[in-house]
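See below for the structure under consideration.
All of the numbers you see were taken from the coordinates with simple rules; none came from a lab. Since the structure is predicted, the reported quantities are computational estimates derived from the model, not experimental observations. So basically every Cβ, Gly included, is an ideal-geometry build from the backbone, and we count neighbours across all protein chains shown.
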Amino acid sequence: MDATTEPSTALAPFRHRDFTIYQAARVILILAGQLVIVGLQLQILQLTNSAFHLGMIGLAQVLPNLLASLPAGHVADRVNRRTIIMTCALANAAAVGWLAWEAAQPHPSLVAIYIACGVFGLIRAFSAPAGHAFLPALVPESILNRAIVIHLTVFNLATVVGPAGGGFLYGERNALRVYGTAAAMFVVAYLLFALLRTRPAPTPGAEPFERAFTAGVRYVWNDKRLLGAMSLDLFAVLLGGATALLPVVAQNILHAGPPEYGFLRSAGAIGAGVAAIVLATRPLRSRIGSWLMYGVAVYGLATIGFGLSTSFPLSMALLIIAGAADMLSVTVRHTLIQVTTPDAMRGRVSAVSMIFINTSNEMGEFRAGTMAHYVGTARAILLGGVGTVVVVLAWMGLFPSLRKADRFEDKAR
């Protein structure tokens with residue numbers, strides 16, 4: 001899209017047909033993904049009653065994801081991005097269909113379930129950079145910031161409904177119903193992606209393959225704002241992430257069932273949705289680095305409170321606060337990446353970003369599950385929150401260019 005100017009209202013991106021279709025497809029795609037996550041966590045807890053095995057979900061996904069991320073970013077900058085997204089939607093449908101078949105067996109295999117988790121990690125390695133890099137082609141540059149906020153808002157609103165829906169669908173140990181619904185939704189998302197207008201593949205650069213392959217890593221390394229923002233998220237979520245322990249918290253600390261677990265899983269997305277609406281109507285225009293660090297610090301403090309809570313309403317409130325704070329930091333980081341990265345590099349830079357994100361998310365789940373196994377669930381959450389706050393304080397000194405960053409459009413120093 002060219003940089004034509006149009007009125008920059010909060011909903012301006014929806015005037016563009018392909019942006020609207022793309023977001024509708026993403027809603028269905030994200031809902032399906034959330035159903036799968038809830039189904040996996042509840043099914044594995046049912047089969048093992050082990051926090052350690054819940055944490056293994058993350059480890060099973062992160063290893064193939066890390067191995068494939070850099071090649072996937074290179075592919076996203078060489079192959080038609082719409083084709084990649086559509087292929088990944090069908091691959092997800094097939095993988096979830098396998099889980100549904102496994103759930104229908106009298107004795108589902110943990111090994112088969114973890115292999116499916118690895119397949120999901122591999123698929124996400126290709127779908128995420130292609131999806132992020134595809135977004136700027138759907139709207140004019142003048143409203144890209146608005147489009148990014150909507151893009152993140154859609155994700156968070158979908159993650160409000162998805163986990164709660166997954167908890168109700170699972171009900172009394174009905175993993176098959178959860179997986180069957182998710183597989184059908186992935187197919188619907190594929191059909192919606194097929195309605196998008198075809199866009200040409202990115203123009204390959206003239207640099208040799210070995211340099212093109214690692215160009216995203218070099219780009220992030222040279223821009224300390226990007227490096228600081230990505231690495232801050234990595235360590236904050238690696239230490240403070242507690243989503244893998246929510247089934248155990250619901251069952252053993254709050255004495256609640258699958259529906260209440262679904263609400264706990266949705267709480268962070270509720271807070272993120274509220275924050276996204278505020279950011280869409282009052283976008284950040286200055287001091288973006290400070291806002292990023294404030295957001296991560298509040299996330300850590302809310303996690304500490306959640307680790308101390310034994311009340312369901314208080315736990316919900318703290319997770320909502322954590323979700324809002326996380327949305328603030330995610331918006332700054334994601335917008336910084338999209339605004340400062342040339343289109344020909346977006347796939348590879350997004351792939352580097354996804355390495356940080358997926359390492360923090362999935363290894364954070366493994367860290368939480370393993371730590372809970374040895375020191376207890378509540379203490380694992382509490383110590384993780386403390387670690388997050390310490391990381392923020394350290395990053396203020398280690399990355400002064402990020403802390404002092406003022407506007408998204410400013411060049412790296």
- Message: Relative contact order of the chain, please, whole-number percent, based on alpha carbon pairs below 8 angstrom and at least 6 residues apart.
- Response: 29
- Residue span THR198 to GLN46: 0.36 nm per residue of separation minus Cα-Cα distance leaves a gain in nm of 50.3 nm
- Note on the structure: Stretched fully, the stretch from LEU314 through LEU191 gains (0.36 nm per residue minus C-alpha distance, one decimal, in nm) 40.2 nm
- Message: Give me the one-decimal nm value for the distance between modelled label points at LEU90 and ARG285, 7 Å along each residue's Cα-to-Cβ direction.
- Response: 4.7
- Task: With a length cut of 24 Å (Cα positions projected on each helix's long axis) and a Kyte-Doolittle mean of at least 0.0, go through the chain and give me the DSSP H helices that pass.
- Result: 17-48, 51-76, 81-103, 110-134, 144-170, 175-194, 258-281, 288-308, 312-340, 346-375, 377-398
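Mind listing which trypsin sites (Lys or Arg not before Pro) in the range 277-355 are in a DSSP loop and have 16 or fewer other Cβ atoms within 10 Å?
ARG285, ARG287
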- Cα centroid of the range 27-50 to Cα centroid of the range 339-413, whole Å: 24
- Query: Calculated FRET efficiency, HIS107 and ASN252, Cβ-Cβ r, R0 35 Å, to nearest 0.05?
  - Reply: 0.90
- Task: For a quick protection proxy, order the peptides 42-49, 11-18 by their average other-Cβ count within 10 Å, most packed first.
- Result: 42-49, 11-18
- Of MET230, MET396, MET185, which has the largest mean-square fluctuation in a 10 Å C-alpha GNM of the chain? MET396
- Please say if the range 260-359 is rounded, prolate or oblate, where rounded means a/c under 1.5 for a ≥ b ≥ c the square roots of the C-alpha gyration tensor eigenvalues, and otherwise the choice is prolate for a/b larger than b/c and oblate otherwise? prolate
- Subtracting the Cα-Cα distance from 0.36 nm times the residue separation, let me have the gained length for THR83 to VAL278 in nm, one decimal. 66.8 nm
